[in-house]
Amino acid sequence: MAGASETATLLASVPFFTGLDEKKRNAIATQGKELSYKAGDAIVDEGTMGVGFYLVLDGKAEVRKGSKVLATLGKGQFFGEMSLIDEGPRSADVVAIAPTKCWALTSWAFSAIVKTNPDVALLMLKEMVKRLRAAQTTPGS
Ligand code: CMP
């Protein structure tokens, strides 16, 4: 498992956190933990209550609803925010499709970071709007 300084370096390469200064990034790095998954491992299960937010540090994960693949997420992309924002059940399964490393935050650390870093909140909103637009233009959805 990477130490906090290694995680801070990884976070610096992720667009999601590039707007933050080093001090803030270092502080944030200490709040999450790195988790590793094998190809085929379920990271998030649809319908369950969410307690984690995930940022992909390496590898690839598929967002699936039943047999439908909604998105493939790679380095620098996040998932698990929906359940933490509205405290509802997970909207989809997220499954590693390659060896995957994620940086995971608990719901309370996630809320604190979003509340105190408007740049992070805005980047998250922009990505969520992008996903909504993509879902609206997917034939048959
Ligand atoms: P959550 O509902 O907590 O858990 C499943 C996650 O999959 C969800 O948060 C989002 O992060 C992600 N997700 C759901 N629908 C889509 C989509 N259409 N495109 C990309 N990611 C999605």
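Annotations for the structure displayed:
- Local net charge near residue 127, Cβ-Cβ under 12 Å (Lys/Arg +1, Asp/Glu -1): +3
- In range of the label at residue 87: residues from region 102-117 whose backbone nitrogen is under 16 Å from the point 7 Å along Cα→Cβ: 107-112
- Residues of region 99-141 with amide N under 18 Å of a point placed 7 Å along Cα→Cβ from residue 65: 127-141
- For the chain, the longest principal axis of the C-alpha atoms and the axis of helix 118-137 are separated by about 20°.
- Distance from the Cα centroid of region 100-141 to that of region 44-81 is 11 Å (rounded to whole angstrom).
- Sequence-separation-based contact order of region 1-80, relative, with Cα cut under 8 Å and 6+ spacing, percent: 27
- Taking the longest Cα principal axis of the chain as reference, the axis of helix 107-116 is set at about 60 degrees.
- Cβ-derived FRET efficiency at R0 22 Å, residue 137 paired with residue 72, nearest 0.05: 0.85
- Principal axis dimensions, the chain - Cα atoms, whole angstrom, descending: 45, 31, 25
Every number in this text was worked out from the coordinates using simple rules, so none of it is lab data. The shown structure was predicted, so the numbers you read here are calculated from the model rather than taken from an experiment. Every residue, glycine as well, gets a Cβ built from its backbone with ideal geometry; the counts of neighbours run over all protein chains shown.
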